[in-house]
1. From (1) over 30 Å from residue A:5 (Cβ atoms); (2) part of a helix (DSSP H, G or I), pick out the condition that doesn't hold for residue A:143.
2. Considering only segment C:217-228, I want to know if a residue exists there that is closer than 23 Å to residue C:301 by Cα and not basic (Lys, Arg).
3. Going by what's in this entry, would residue A:82 be described as at pLDDT 95 or above, over 23 Å from residue A:229 (Cα atoms) and not assigned by TED's automatic domain parsing to the domain that holds residue A:153?
4. Take the conditions touching a helix residue (DSSP H, G or I) at 6+ places or on another chain (Cβ under 6 Å) and at pLDDT below 95 and apply them to residue C:111. Does it pass?
5. Looking at (1) at the interface with chain D (Cβ under 10 Å from one of its Cβ atoms); (2) within 16 Å of ligand 1 (Cβ to nearest atom); (3) of a type in the set (A, V, I, L, M), which one does residue C:275 not meet, given that it meets all the others?
6. For the structure I just gave you, tell me whether residue B:175 is within 26 Å of residue D:72 (Cα to Cα) and away from ligand 5 (no atom under 16 Å from the Cβ).
7. Can you find a residue in segment A:118-136 that is in the same structural domain as residue A:176 (by TED's automatic domain parsing), open to solvent by 10 Å² or more (accessible area, probe 1.4 Å) and under 17 Å from residue A:217 (Cα atoms)?
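The values are calculated or read from the model by the stated rules, or taken from the named source; none is laboratory data. Everything numeric here is computed off the predicted structure, so don't read it as measured data. Every residue, glycine among them, receives a Cβ derived from its backbone with ideal geometry; neighbour counts consider all protein chains shown. Just so you know, the surface numbers come from the protein's heavy atoms only, side chains and all, with ligands and any DNA or RNA stripped out. Shrake-Rupley method; radii C 1.70, N 1.55, O 1.52, S 1.80 Å.
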Amino acid sequence: MQPSAKVHLYDFHVCSNEAVGRDVFRMVMESPELAGKLAPGQFMNIAVPGDASHIVRIPLSFAGTDVDDGTIELVYAVVGEGTRRLSKMGAGSGSTVVGPCGNGWRIGPGGRALAVAGGVGAPPVIAAARALVESGRDVDVILGAQTKDRLWGEKDACDLSASDVVVTTDDGSYGRRGFTTQAMEDLLAQRDYDLVVTCGPSVMMAGVARLAQDAHVACQASLERMMTCGFGACSTCNVAMRAGGYKSCCMDGPVFDAQEVAW
Amino acid sequence: MQPSAKVHLYDFHVCSNEAVGRDVFRMVMESPELAGKLAPGQFMNIAVPGDASHIVRIPLSFAGTDVDDGTIELVYAVVGEGTRRLSKMGAGSGSTVVGPCGNGWRIGPGGRALAVAGGVGAPPVIAAARALVESGRDVDVILGAQTKDRLWGEKDACDLSASDVVVTTDDGSYGRRGFTTQAMEDLLAQRDYDLVVTCGPSVMMAGVARLAQDAHVACQASLERMMTCGFGACSTCNVAMRAGGYKSCCMDGPVFDAQEVAW
Amino acid sequence: MVSKVSMAVDLGGIRMKNPVNTASGTFGNGWQFEGFYSVGDLGAITTKGCAAEAWDGNPAPRMCELPSGIMNSVGLQNPGVRAFIASYGEYLAGLEERGCRVICQVAGHSIEEYVRALELFEELAPFASGFEINISCPNVSKGGAAMGATAAAAAEVMAAVRPVTKRPIVVKMAPHDVGEIARALEAEGADALSLINTIPGMAIDVRTRRSKLSRPTAGISGPAIHAIAVRMVWEAHRAVSIPLCGIGGVTSGEDAAEFILAGATAVSVGTANLVDPTAAPRVERELEAWAESQGVSDINELIGAFEC
Amino acid sequence: MVSKVSMAVDLGGIRMKNPVNTASGTFGNGWQFEGFYSVGDLGAITTKGCAAEAWDGNPAPRMCELPSGIMNSVGLQNPGVRAFIASYGEYLAGLEERGCRVICQVAGHSIEEYVRALELFEELAPFASGFEINISCPNVSKGGAAMGATAAAAAEVMAAVRPVTKRPIVVKMAPHDVGEIARALEAEGADALSLINTIPGMAIDVRTRRSKLSRPTAGISGPAIHAIAVRMVWEAHRAVSIPLCGIGGVTSGEDAAEFILAGATAVSVGTANLVDPTAAPRVERELEAWAESQGVSDINELIGAFEC
Ligand SMILES: Cc1cc2nc3c(=O)[nH]c(=O)nc-3n(C[C@H](O)[C@H](O)[C@H](O)COP(=O)(O)OP(=O)(O)OC[C@H]3O[C@@H](n4cnc5c(N)ncnc54)[C@H](O)[C@@H]3O)c2cc1C
Ligand SMILES: Cc1cc2nc3c(=O)[nH]c(=O)nc-3n(C[C@H](O)[C@H](O)[C@H](O)COP(=O)(O)OP(=O)(O)OC[C@H]3O[C@@H](n4cnc5c(N)ncnc54)[C@H](O)[C@@H]3O)c2cc1C
Ligand SMILES: Cc1cc2nc3c(=O)[nH]c(=O)nc-3n(C[C@H](O)[C@H](O)[C@H](O)COP(=O)(O)O)c2cc1C
Ligand SMILES: Cc1cc2nc3c(=O)[nH]c(=O)nc-3n(C[C@H](O)[C@H](O)[C@H](O)COP(=O)(O)O)c2cc1C
Ligand code: FES
Ligand code: FES
């Protein structure tokens, strides 16, 4: 086998970048070639300028692309130095991005699907829901956040006409009080699903995977790991497999069959 | 002896910061308390934000202060990463500055003085010339630069009515072609001086010091060294003395009796 | 502008068209970079450490950030030589044909395992221009750095692997007692030395009081270690006469030039590949421009040309 | 908000009101910082290395920048103990009265010189709470790091200085073989160990092919070395039971907390003082806030509390 590489380095510039919640930002960046290549569930690895002491790129999923405009929509939480600097990048500023990274959602025709997102796990889940709708499937979406002001994605989910949208907040400040897994239990009791897709905090995804398994529904989960390269060169992004050993989050994932992962 | 410390940490913000020549910038910064304390020939040590991998401050002299406005005028060359970032600091941005550092020019009443500046050695020389004029002395000023577009200070020197101003450029693109020391030889032949003050490249200052010594004129030189603290805490800024041993550029200088320095 | 400087160097029998190599573990097995540039343009690549049988490596998390660097605890995850060759052998053989030397890195938990892995490589990797013996990985409990911690232990490994192949053997050294260990390795027939491997460090999450990685200590790489690495290459250069490959924090041609001046024949780009995937060919271009600016006609004139 | 955490620690008989000390050579002799804050608020200060007779130190340039750090080659410039006491004795005595412990650092080119300098300090510095023996300066040709490079050499210095004073002796260690050397120093009666001194490095101006500093190698400090220093403190902590002072790249309370968890009783702020003159009291405040957030009533509960 002669392996071939599909990941490239692209320039991008920022079209807009603004807060859409407490410490949650939405950036639209222009990078036409990359926008044309990204599949839902894939990610990119962004160099954020402004502090040479932080050398590592920031891996981010995307919520959507506009191939005509050559733009990519990111939604991200400010959790540390790098995402803080990212949030300061003004329109017109630019940098480089490595992508498209990893393998996206495996989505084909089929029955009703359930998409479950926690926090800033929403972007790839929205992208998955859109792809599911586009392939003719019905999708219900559960969006969870700690509090109302950290929620993103409700409007985008609602815009996908084929879907029911349930919102939960941990503190009950909006939508249903509690966790996404509680909402999921209710939906599983009401409807038959063919597929669950999920992204969010690891504990949440583990819970979603367990519920899906109990209900005998296939489940794909998009995982996060500390990543250095994003394209298979360093082996720092390992995901433990239930069958033993590790897979690479950036090359075999970030989307995994949830039942294969040792949560 | 109970030593006491006069150096403090101040906030500043940028009032204006623009190019006044090729890679030469003039910044006016507001820092009222520091502006009220700086004496000509002293310097300050500025933290330039924007790259945590460069931890050291940038020592800079000043060309003048406006105590009423609380402002300080700096003129600096962009020679590396730090001064490049400094040149990008826009009006309104701010940081911290350590000062007043070191000892300034020792200037009292007396006869005619000669001020010799090379390149961005001009700011402290202009400050010295102004102080000399204010103390009632006549001053001639020699300003040298590699090329016309790297010259700063001519207008400031001319504004000091008591002074004759000679400009030299290495390439003859403006004023007299050649080095400041050649212009100095001519002036020494024409007039009697009581004092020479100088700042510029080390080789130039060594030449100025030699000419002053030959003419039996007192000479003060403002030296540069790689500096870490600027206030006597680290001993990294040593200046070799003709009599042997070292003095501290940031505490005993930056202004030294030129004849004491082992050039 | 065509360069007038001859850039070819000879790393202990590995004849590279230019001095730029890649550091094991930071370059996948080469093909991952073909999307960024033609890997065939590099002087050499060094593949990820590989043992006779597969190793799982360490649990996650395996990487954390440090000021101007990173710390990793991969622990030599590898598929074993047979699977390695099955997956990448054809690509690597092609790379050799494109003029880029392939150096296969060999890992082991014990002397026997090093020998076994090298035997497998010797048999299954006819394309390889040379081998690198890793006796300096800080992230494994057995073998790794423990095998290279003293001159005696290093010499023992070298003596055992030397008879296995006639091809050049490079030994990858830990950042520790380099002068003494370099002499021991030279005496046992090493053809070249590469240094340094990552420097052991520790990062504690002060909230949980636990390591930020899955083991208490891990290996530091990146710009933060460059000046230490240059010093160590200079120490090795003064200790031995076999060629050296300088490794540690190379992100620019200037960083590479420091290694050359300190006595290195080649340099490896490591962590920089991960954060700027086009770093290695850029380092090569910048190194060439520097050599030209130094007015030499052959980069070899600059090896060890540090003046002190 | 008044803190509920007791911050007092005992560094081998040096009873500090809080764990924050300053690293020798990065804090002048204390008074330089009085314009920034009241130095009396610190737990201790360690003065610049001082020998029996004056040393000139190395030629300029003595400092260059590195990624997230600096490299220095001061070479222990000092005025000799008598002139030191004449200039700063009164200030330092006053500092002790303000509750800040004064640790005077002792330098020498030979065992005899260490003994002589300590004798002079013992006589002329009645105010000092303790002494630090510097056997780890990388920037001098005789003495310095050479005296601390092996366990045997370090033990010899310690054995020689021990009889000179009953006051606490801290030994400043080089970043090298710390476990073994720490054991040797403990056996010879050291009351505490401080580590690490700067890490030898090299920076070459590739245009001139010469060192960026006045000697080929110099000492690296700052954030770039922090993770290495934490690992070494942990190694020393597992090797000996005398208290440790953690040094290396401390710029925040979090950095200090890592040292405490790794086994340090105190921490010294070094290079950070030079670039942020208010670093030391800030580190103290942040350390206190962290201790409080960990729910302890005494910082001593956190010493060595790293979980692995
Ligand atoms: C494939 C992938 C896709 C991602 N998509 C998104 C997204 O669409 N939106 C979004 O907000 N975030 C996303 N993340 C997480 C994002 O990469 C991290 O939040 C970011 O790198 C943190 O950088 P920082 O410098 O701000 O934080 P740091 O100061 O470095 O760390 C802050 C916190 O974030 C954690 N963290 C740091 N890097 C990562 C990482 N690579 N993966 C997971 N956690 C990390 C740290 O452990 C720490 O708890 C994704 C991560 C991966 C691996
Ligand atoms: C007391 C004093 C007053 C000064 N006043 C002025 C001034 O008014 N205007 C002005 O333009 N410059 C002045 N300088 C020089 C200025 O500090 C340096 O140019 C600046 O620090 C370079 O920083 P950098 O990061 O841009 O360059 P780097 O990339 O760090 O270095 C670029 C070049 O500058 C040299 N350099 C770096 N730091 C210093 C330093 N502290 N002193 C001398 N050379 C250095 C380096 O050796 C190198 O050749 C002064 C220096 C001192 C010590
Ligand atoms: C993620 C990662 C994995 C590594 N794996 C190996 C390895 O398998 N074998 C080895 O000898 N060195 C390994 N190293 C060390 C590098 O080869 C190199 O020696 C070190 O990173 C210093 O160079 P740098 O600062 O340029 O990265 C690894 C380094 C990193 C960052
Ligand atoms: C400019 C400078 C001078 C130093 N002088 C001494 C010294 O005289 N004695 C000593 O033991 N250490 C000396 N050191 C080392 C520091 O005390 C400290 O061990 C080292 O810098 C690491 O800590 P840091 O990273 O916080 O600076 C010096 C360090 C610097 C930067
Ligand atoms: S992040 Fe480098 S292999 Fe996945
Ligand atoms: S710069 Fe620190 S003593 Fe002068």
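1. (2)
2. Yes, some residue in segment C:217-228 is closer than 23 Å to residue C:301 by Cα and not basic (Lys, Arg).
3. no
4. Yes, satisfied.
5. Going through the list (1) at the interface with chain D (Cβ under 10 Å from one of its Cβ atoms); (2) within 16 Å of ligand 1 (Cβ to nearest atom); (3) of a type in the set (A, V, I, L, M), residue C:275 breaks only (1).
6. Working: within 26 Å of residue D:72 (Cα to Cα): no; away from ligand 5 (no atom under 16 Å from the Cβ): yes.
Here the answer is no, as residue B:175 does not meet what is asked.
7. Checked against the condition, which is being in the same structural domain as residue A:176 (by TED's automatic domain parsing), open to solvent by 10 Å² or more (accessible area, probe 1.4 Å) and under 17 Å from residue A:217 (Cα atoms), segment A:118-136 yields no hits at all.
Residues are listed down the side, and each one gets a yes or a no for (1) more than 14 Å from the chain's Cα centre (by Cα); (2) at pLDDT 95 or above; (3) away from ligand 6 (no atom under 16 Å from the Cβ); (4) buried (at least 18 other Cβ atoms within 10 Å of the Cβ):
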residue	(1), (2), (3), (4)
A:12	yes, yes, yes, yes
A:23	yes, no, yes, no
A:48	yes, yes, yes, yes
A:59	no, yes, yes, yes
A:71	yes, yes, yes, yes
